[in-house]
Amino acid sequence: MDSMLPPASELEELENVAVEVVLEAGRLIVDDRPADLGVAKTKSTATDIVTVMDQRAQDLLRKRLSAARPHDGFFGEEEGGAEARSSITWVVDPIDGTVNYLYGVPAYAVSVAAVVGDPRVPGAWEPVAGAVANPVTGELFHARRGGGARLQRGSDEPVTLALSEPPDLAQALIGTGFGYAADRRAWQASVLLEVIPHIRDIRRIGSAALDICGVAAGTLDGYYERGLNPWDMAAAWLVLTEAGGVFTGLDGEAPHSSMVLAAAPGLHSALDALLSDAVARVDLR
Ligand code: LIP
């Protein structure tokens, strides 16, 4: 897909646009959060919720992105998309960690990525610029292909992210998540039972974008989850790989809804082997 890569100057522009719009949407979901925020509707299951602010934030992001880049496509978690007339499609999660947002748990994020290829087809797309903002903690992660990854906290100077040597698997702090369907959660719990005796501990933060950025920033050593959509992972994927990390599916495949895993090179293969065995054992039952 390197042949589809925009020139360096355009990658920088795409990164700046992503940063600008995630900060604005982040302010909107914090400042305009209704005091009586509730569930506007549900999607795949009764616990897969949408609030009015998910749609409002997506509408704002779409408006700003189409004003800045009228020919680009738009592919978001909520309603409303657009086909690309350029090589770029914006993949957007207006609130990643919506359940945390509803409960007031300060671990949710706005995630915006510019990708090449078709984000609806696993293995047929990749992010080239992007940003993830947690509007409560003031953490802003951003990256562009070949340009490295940065973390900025509030008005502090941005720091360049570079993964350090990871611990062994047995000492590794691993993040994961659970889906909205009961049978999916039961399967994920069975896999976790196989995994947890072999690692330091598990963290369930509730936002894949923040989990994957956490691996890039060193607040987690690794992460895995089944059931992610392109918008949950697009921007954080690039933050991680530009920080020197590895982001794949199982057995080194392309990232896929069946499984994604994230870690530093030295830990990734051990985590992949552990997960492949665990999934095989659980699926045999
Ligand atoms: C969430 C993911 C999280 C997963 C949740 C949910 P959403 O995305 O970020 O990793 O465990 O089930 O899918 O629905 O808040 O955008």
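The values are calculated or read from the model by the stated rules, or taken from the named source; none is laboratory data. What you see is a predicted model, and the numbers here were worked out from it, not measured in a lab. Virtual Cβ from ideal backbone geometry, glycine too; neighbours counted across all protein chains shown. Keep in mind that these areas ignore ligands, DNA and RNA; they rest on the heavy atoms of the full protein, side chains included. Shrake-Rupley method; radii C 1.70, N 1.55, O 1.52, S 1.80 Å.
At 27 Å minimum axial length over the Cα atoms and a Kyte-Doolittle cut of -1.0, report the qualifying DSSP H helices in the chain, or say none. Intermediate values should be presented prior to the final figure.
Values: long enough: 8-31 (35 Å, 0.52); 265-284 (29 Å, 0.64).
The qualifying helices are 8-31, 265-284.
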Handout entry: Restricting region 192-275 to GluC sites (Glu not before Pro) in coil, as DSSP defines it, with at most 15 other Cβ within 10 Å
Key = 253
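For region 16-137, with every protein chain kept in place, what is the accessible area per residue (1.4 Å probe, Å²)? Spell out each step's value before the answer.
Numbers: 5020 Å² over 122 residues.
For region 16-137, the per-residue accessible area is 41 Å².
Apply the a/c threshold of 1.5 to the C-alpha gyration tensor of region 159-198 and tell me whether it is rounded, prolate or oblate. Intermediate results must be reported in sequence, preceding the final value.
Details: a/c = 6.29, a/b = 1.76, b/c = 3.57.
In terms of gyration-tensor shape, oblate.
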Fill in the blank from the handout: Extension length gain for residue 200 and residue 156 (0.36 nm per residue less Cα distance), in nm, is 12.7 nm
Handout entry: Quarter of the Cα convex hull surface for region 101-140, i.e. its orientation-mean projected area (nm²)
Key = 3.7
Completion exercise
Checked region 116-172 against the a/c 1.5 cut and the a/b vs b/c comparison, axes a ≥ b ≥ c from its Cα gyration tensor; verdict oblate
Completion exercise
Sorted largest first, the Cα spans of region 180-285 on the principal axes come out in Å as 39, 28, 25
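List the trypsin sites (Lys or Arg not before Pro) within region 8-65 that fall in a DSSP loop (any state other than H, G, I, E or B) and whose Cβ has at most 15 other Cβ atoms within 10 Å. Walk me through the numbers on the way to the answer.
Details: sites: 27, 41, 43, 56, 62, 63, 64; in loops: 43.
Sparse-neighbourhood loop trypsin sites (Lys or Arg not before Pro): 43.
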Problem - Hz values of 3J(HN,Hα) by residue in region 124-138 - Karplus curve (6.51, -1.76, 1.60), Gly and Pro given as x - result: 10, 8, 7, x, 10, 7, x, 8, 10, 10, 9, x, 8, 7, x
Exercise for the section: Determine, at each q value in 0.11, 0.18 (inverse angstroms), the log₁₀ of I(q)/I(0) that the Debye formula gives when each Cα of region 119-249 is one equal point scatterer. Expected result: -0.40, -1.03
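Sort largest first and round to whole Å: the equivalent ellipsoid semi-axes of region 44-132, each the square root of five times a Cα gyration tensor eigenvalue. All intermediate terms of the calculation are to be shown ahead of the outcome.
Numbers: eigenvalues 113, 40, 29 Å².
Semi-axes from the Cα gyration tensor: 24, 14, 12 Å.
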Completion exercise
Note on the chain: contact order normalised by length, alpha-carbon pairs under 8 Å, 6 or more apart, percent, works out to 16
Practice task
Could you give the C-alpha radius of gyration of region 1-103 expressed as a fraction of 2.2 N^0.38 Å, taking N as the number of residues it contains?
Solution key: 1.19
Exercise for the section: Using Cα centres only, tell me the gap between region 78-96 and region 21-41 in whole Å. Expected result: 19
Practice task
Counting residues in the chain as N, plug N into 2.2 N^0.38 Å and put the Cα Rg over that result.
Solution key: 0.95
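So what is the accessible area of region 170-285 per residue, in Å², with the probe set to 1.4 Å?
Values: 4380 Å² over 116 residues.
On a per-residue basis, 38 Å².
Below 8 Å between Cα atoms, with a sequence gap of 6+, how large is the relative contact order for region 154-285 in percent?
Working: 224 pairs, mean separation 36.5, N = 132.
Here the relative contact order equals 28 percent.
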Completion exercise
Listed by chain and number, the residues whose amide H is under 5 Å from that of residue 225, excluding neighbours fewer than 5 places away on the same chain and using placed H, are 260
Fill in the blank from the handout: With region 41-81 reduced to its Cα atoms and the Debye formula applied, log10 I(q)/I(0) at q = 0.15, 0.21 1/Å amounts to -0.41, -0.67
Handout entry: Heavy-atom accessible surface of the chain: percent carbon and sulfur, 1.4 Å
Key = 52
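Can you give the extra length, in nm with one decimal, that the chain gains between residue 103 and residue 66 once fully stretched, where that is 0.36 nm per residue apart less the Cα-Cα distance?
Values: separation 37, 0.36 × 37 = 13.32 nm, distance 3.15 nm.
Result for the pair: 10.2 nm of gain on full extension.
Rounded to the nearest 500, what is the 222 nm mean residue ellipticity of the chain from helices alone, with -39500 (n - 2.57) per DSSP H run of 4+ residues and division by all residues? Don't skip to the answer; put the middle values down first.
Details: 7 runs with 104 residues, N = 285.
Mean residue ellipticity, 222 nm, calculated: -12000 deg cm²/dmol.
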